[in-house]
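Step one of this worksheet: look at the structure below.
The values are calculated or read from the model by the stated rules, or taken from the named source; none is laboratory data. Since this is a predicted model, take the numbers as computed values, not measurements. Here Cβ is always computed from backbone atoms with ideal geometry, including for glycine, and neighbour counts include all displayed protein chains.
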Amino acid sequence: MMNWIYGLADMQSFYASCEVASRPEFALKRREDDDNSDPALVVAGDPKRRTGIILAATPPAKHLGVSTAMTLGEALQLAPDLIVVRPRMEFYLQVSVRIQLLMKQLFPLQEQFSVDEGFFAFPWPSDLFPDPIQAAKELKQAIWDQFHIRCRVGMSYNKWMAKMANKAAKTMPERVVWWTENDVTEKLQTLSIFEMWGLKKRARVLHDEFQVETIGDIAKLPLSLVRHRFGVWGEVIHRWSTGHDASAINPDAYHQPHKGLSHRMTLPRDYEEREEIKVVILELLDEVTFRVRAADQKGRRVGLGMTYGSFSGGFYRAKTLDYYTQDTYALYPEVLALLDKYWNGSSVRAIVVSLDMLQPATSLQLSFFDHAPKREQLIHTVDQLRLRFGEASVMRAVSLGRAGQLRDRSRKIGGHYR
């Protein structure tokens, strides 16, 4: 009987690996089977600011105690001789696209999962894939040969199990793991609850409220109990704990209609004045609505989140409207209402604005007090100018002030310089 094997390939320290592989002074010394042949290098959000965040670090840098999300200042205290490079997001995205295309060439089904991860699937046993382990090794070798980037591969009988197998592959010498259904009890369910992918903060809730220690302990809980505590997610968690996942490989995942869109920005300094915070909120809302319009969608629930100074504390709140819209002018007062209701006056270091409950933009919201078609035409014209000449080609006057971040952000990809 022929089955399908699902795999997940995860690039090691992707941004840092791209930097090392593209620099001859480092690339010529690298060996595929020796992490220590890399330099102690980190990619930091802004090397000129010691408060910049570490985005990626090579294995030797990690061995020195450096980790992602650590500030550059903290990293340099641990390792003063670190090689620090500025991120090149456009380059990383180009490499990512090429790696995903390589996977598509090797396997009949492939789905991009993130910038540095991709799922794949193939029938087994079959003439093309007689040995799953060998197929994974050939993928790893092809990625190394073409891009000089190491990766690990986890395989199993569904996507979620492949993700868990991928985590296990991190500690294996060959970085390849294949788990069958027979491995659920012995390997999956014996893992700590905090090793379970997809749980995040729910792992702490399960541990503290239900005395759950291992993934197998979740499987022993009554489904009704987990569902009552976590809603629909409880059923998913319980299913995962027994090794079940019905998710299919979706080659067009990145082209599906969005369910929600958001934009987040870490500010270069703490913002303390409401007027300054309003400027950034408006810029982020403009970005979100621009993307929603580009996808030909409208949303009904708008959200605002803030992280307070020193990256400690904050909130995220959302409001469901009585209508669907893609219009910044309609949404801005609603976001400001969230700001005034939930902001406690603390200094703000990061802001996120979101719009979800999206649907196709098939209607126009009319108003007795506003010329909606004329305004929509104006918005469309501005969108076209930004598409052609860049998002900073047309900007609001408030963005020219000290609080505005649009001009600086327009020079970045994914929040980091190109």
Subject >> Hey, Ala61 in the same structural domain as Asp35 (by TED's automatic domain parsing), of a type in the set (A, V, I, L, M), surrounded by 18 or more Cβ atoms within 10 Å (Cβ to Cβ) and modelled with pLDDT of 95 or more or not >> reply: yes
Original post:
Within region 114-135, can you find the residues that are crowded, with 17+ Cβ neighbours inside 10 Å and under 22 Å from Cys18 (Cβ atoms)?
Top reply: Val115, Asp116, Glu117, Gly118, Phe119, Phe120
Original post:
Given the conditions (1) loosely packed, with under 15 Cβ neighbours inside 10 Å; (2) in a helix (DSSP H, G or I); (3) touching a strand residue (DSSP E or B) at 6+ places or on another chain (Cβ under 8 Å), which single one is not true for Ala69?
Top reply: (2)
**OP:** Would you check if there is a residue in region 320-332 being more than 19 Å from Val279 (Cα to Cα), touching a strand residue (DSSP E or B) at 6+ places or on another chain (Cβ under 6 Å), in a strand (DSSP E or B) and among the polar types (S, T, N, Q)?
**Re:** yes
Original post:
Which of the residues belonging to region 313-333 are over 27 Å from the mean Cα position of the chain (by Cα) and surrounded by 18 or more Cβ atoms within 10 Å (Cβ to Cβ)?
Top reply: Ala330
Subject >> Where a residue in region 284-299 is touching a residue at least 12 places away in the same chain (Cβ under 8 Å) and its partner, wherever it lies, is assigned to a strand (DSSP E or B) and charged (D, E, K, R), with Cβ under 9 Å and at least six apart >> reply: Leu284/Arg264; Val292/Lys298; Gly299/Asp356
Subject >> Close pairs from region 91-107: first of a type in the set (Phe, Trp, Tyr), partner not in a helix (DSSP H, G or I), Cβ under 6 Å, at least 6 apart >> reply: Phe107/Phe120; Phe107/Phe122
Original post:
Has region 199-209 got any residue that is in contact with a His (Cβ under 9 Å, 6 or more places away or on another chain) and within 23 Å of Ser241 (Cβ to Cβ)?
Top reply: no
Subject >> Per-region count, region 198-211, residues exposed (fewer than 12 other Cβ atoms within 10 Å of the Cβ) and either in a loop (DSSP other than H, G, I, E, B) or touching a strand residue (DSSP E or B) at 6+ places or on another chain (Cβ under 6 Å) (or both) >> reply: 3
Original post:
Which members of region 212-226 meet the condition of being assigned to a helix (DSSP H, G or I) and closer than 15 Å to Gly243 by Cα?
Top reply: Ile215, Gly216, Asp217, Ile218, Ala219, Lys220, Leu223
